[in-house]
1. Consider region B:29-55. How many of its residues are among the hydrophobic types (A, V, I, L, M, F, W, C) and under 21 Å from B:M178 (Cβ atoms)?
2. Of the residues in region B:123-139, how many are part of a helix (DSSP H, G or I), of a type outside the set (K, R) and open to solvent by 50 Å² or more (accessible area, probe 1.4 Å)?
3. Any chance you could count how many residues in region B:4-23 are open to solvent by less than 10 Å² (accessible area, probe 1.4 Å) and either among the acidic types (D, E) or over 18 Å from B:L124 (Cα atoms) (or both)?
4. Which condition number in (1) more than 18 Å from the chain's Cα centre (by Cα); (2) open to solvent by less than 40 Å² (accessible area, probe 1.4 Å); (3) among the basic types (K, R) is the one that B:K120 fails?
5. Output the number of residues of region B:79-107 satisfying the condition of being more than 15 Å from A:I97 (Cβ to Cβ) and either facing another protein chain (nearest Cβ under 9 Å) or aromatic (F, W, Y) (or both).
6. Considering every residue within region B:11-18, establish whether at least one is hydrophobic (A, V, I, L, M, F, W, C) and assigned to a strand (DSSP E or B).
7. Here are some residues: B:L91, B:L180, B:L142. Which one is modelled with pLDDT of 95 or more and open to solvent by less than 10 Å² (accessible area, probe 1.4 Å)?
8. Take the conditions in contact with a Gly (Cβ under 9 Å, 6 or more places away or on another chain), in a helix (DSSP H, G or I) and of a type in the set (K, R) and apply them to B:K154. Does it pass?
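The values are calculated or read from the model by the stated rules, or taken from the named source; none is laboratory data. Remember, predicted model here, so these are calculated numbers, not experimental data. Virtual Cβ from ideal backbone geometry, glycine too; neighbours counted across all protein chains shown. Just so you know, the surface numbers come from the protein's heavy atoms only, side chains and all, with ligands and any DNA or RNA stripped out. Shrake-Rupley method; radii C 1.70, N 1.55, O 1.52, S 1.80 Å.
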Amino acid sequence: MKLKLFVDRLSQPCRAILIFCKMNEIEFEEVRIELSKGEQLSPEFKEINPMQKVPAMKVDERFRLFESHAILRFLAGAFPGVADHWYPADLFKRAEIDSVLDWHHANLRHGSAGLVFHSKLARLSGRPLDLRAAADCEKVLSASLAKIESVWLKEEGQFLLGNSKPSIADLSLVCETMQLEALDEKVRKRLLDPHGKVRKWMDDTRNATQPYFDEIHGVLFQVKDKLKEMESDE
Amino acid sequence: MKLKLFVHRLSQPSRAVLIFCKLNKIEFEEVQIDLSKGEHLSPEFKEINPMHKVPAMEVDGGFKLFESHAILRFLACASPGVADHWYPADLFKRAEINSVLDWHHANLRHGSAGLVFHSKLAPLFGLPSDVQAAAECEKVLLASLAKIESFWLKEEEQFLLGNSKPSIADLSLVCETMQLEALDEKVRQRLLDPHEKVRKWVDDTRNAMQPYFGEIHGVLFQLKDKLKEMESDE
């Protein structure tokens, strides 16, 4: 299977897929779609994904797929070398991972991505900040982090659902929490400090997916520096 | 497998799970959780679903699962006799259905459920209507209906993704659109009239799932009448 991945490393779901492929030695061609330049809105990219979002995937120049969780499930199922813990064959274990992946959209994703975009990243595309939207998203984010701390992370096991090895749910959700690096350090600490288990889980997932995790997150840290410059210029 | 389904028939995802089970002759015990009485907030229900939401499922008095898409995927795979078209074994077809199910959360679900809740249902829960939130959700709803019309529904075949038989994606999304029945008829027509393919798809899905579709949606139509009375009393 010849894979093309259409991604921007500033996008959390893109990073999850890139790390997954590298961890599992799945070969792919990375096609960069730069969101800050509006490249996702081009007519060419609309052919790949009519929703005009990244990530998107093309298989053997004929099958197109978008939505990162659908892509991760597909890759886990289609490549025989992928270890079972990523998306287990056991229906009960798989269902639990599905419930985290589904819960994510309206909870951690909505909260975290919304807060970071409306309070920081909108600038990169020349859009105004929306502090009211950011505040609404922060409420959702705080509630979501609390749920990960109290429900999804268990006493036993390092990963979500008490698992001893990471699944695609850990990868998706931790890539999302990494986006909080774009916030001011004080804000980020205020959000994460109350959640000792969440912070440990982020470290454990990072460690389990090195060196690819840090390599793929490189641009995020560059953006963090760039935002600091932009703000000190004002 | 002994199933207990914790549901409220006013909840769109609860209806999808109930209809799926009835169509596929999956036996279950229906435990009604009345949202308008706050029954989802009870300590007993918290044991079933710590997110305090319906639907939720308990299998053989032990395994608990929530998030309707996770439940539908599990039941499609775990119950013998479920026809392949609901959630195909073919990884490519399955991936396409997964992409609709994932897209749904932040799009049709967010728009439709939000609009109906903030403009109509909130008073049933003793909450004020939120006109601004309703307006924002309406924008998302309109964009989502347009995407279903222009992309998810194809020229050939009756169901999403150009499928000739319904999948769990059709069931989930059509149950969501049915919630629009709670709106004033003029508003509902304004939203749906521009989308002929969507209207046909809703009818086709309904027809493919009778008599259960009509039976499970009974409470929604009773609610519609109750809302009309409440409004004419004011």
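1. Within region B:29-55, residues that are among the hydrophobic types (A, V, I, L, M, F, W, C) and under 21 Å from B:M178 (Cβ atoms) number 3.
2. Total satisfying the criteria: 6.
3. The number of residues fulfilling the criteria is 9.
4. (1)
5. Qualifying residue count for the region: 15.
6. Restricting attention to region B:11-18, the residues satisfying the condition of being hydrophobic (A, V, I, L, M, F, W, C) are B:16-18.
Going one step further and asking which of them are assigned to a strand (DSSP E or B), we end up with none.
No, that holds for no residue.
7. Criteria check complete, one pass: B:L180.
8. Values: in contact with a Gly (Cβ under 9 Å, 6 or more places away or on another chain): yes; in a helix (DSSP H, G or I): no; of a type in the set (K, R): yes.
Taking the combined requirement at face value, the residue does not satisfy it.
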